[in-house]
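The values are calculated or read from the model by the stated rules, or taken from the named source; none is laboratory data. Since we're looking at a predicted model, the values are computed, not measured. In this analysis, Cβ positions are derived from the backbone assuming ideal geometry, glycine residues included, and neighbour counts consider all displayed protein chains. Just the protein is used for accessible areas: all its heavy atoms, side chains included, with ligands, DNA and RNA removed. Shrake-Rupley method; radii C 1.70, N 1.55, O 1.52, S 1.80 Å.
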Amino acid sequence: MMAETHTKSEVSTTTTTTSPTYASPQKSSGISLCLEYFKTGPGIVKLVELFLGILCMACAAPAWTKGTHWFLFVVVTAFVSTTLWCFIYLLNLKSAINLPIDWLLTELLNTAITTLLYLIAVIVQFCSIAGYAERNVAAGVFGVFNMITYAIGSFYLYRDWKDSHPHSSFSGSVLKRNP
């Protein structure tokens, strides 16, 4: 009889694991470069937010109306905060900094507030562009796209925050008295 032989290249095993959208980095003792985050959905969303923010700044500057001043303030503030979050993920600072911070909740609040500010800024930008160049219209349109991108990022963060906090601290009615 012939004996069956298999080489390692012929036999392969596949394992699938599910991980949260915001994959938690490996625990390390210090700062390390972590590029894997930017290959995930939320990492790509952050990069799109930065790209659209650059387009908004390029189209709206220089600001000739008060509405465009407000729009640029919101865009630049969002750009700076998103850049800081990108560096936090890039350098794996969440595990390097040993502070009692709920990082997901902090980022969720930041992104949700930024989404709301973008909504207000886009409305103000569209209301204040009468008689001005088409570039202000383009800035408003890119602002709408960036607002939608921030809303998607807020959805990812909310979903991951709810997954990491499955149980509420309340076990019944809030107004219930303790004996």
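Select from the stretch 44-81 the residues that are part of a loop (DSSP other than H, G, I, E, B) and open to solvent by less than 60 Å² (accessible area, probe 1.4 Å) and write down the one among them that is farthest from Ala130 (Cα to Cα). My answer is Ala61. Where residues in the stretch 82-123 are outside any helix (DSSP H, G or I), of a type outside the set (Val, Ile, Thr) and out of contact with any Ser or Thr (no Cβ under 8 Å at 6 or more places or on another chain), which of them is surrounded by the fewest Cβ atoms within 10 Å (Cβ to Cβ)? So the residue we want is Pro100.
Checking the structure you have, find out if any residue of the stretch 118-137 is hydroxyl-bearing (Ser, Thr, Tyr), in contact (Cβ under 8 Å) with a residue 40 or more places away in the chain and in contact with a Lys or Arg (Cβ under 6 Å, 6 or more places away or on another chain). Checked against the condition, which is being hydroxyl-bearing (Ser, Thr, Tyr), in contact (Cβ under 8 Å) with a residue 40 or more places away in the chain and in contact with a Lys or Arg (Cβ under 6 Å, 6 or more places away or on another chain), the stretch 118-137 yields no hits at all. The set of residues from the stretch 110-127 being at pLDDT below 95 and over 19 Å from Leu55 (Cα atoms) comprises just one member, Cys127.
Among the residues of the stretch 9-23, is there at least one that is under 21 Å from Gly153 (Cβ atoms) and modelled with pLDDT of 90 or more? Checked against the condition, which is being under 21 Å from Gly153 (Cβ atoms) and modelled with pLDDT of 90 or more, the stretch 9-23 yields no hits at all.
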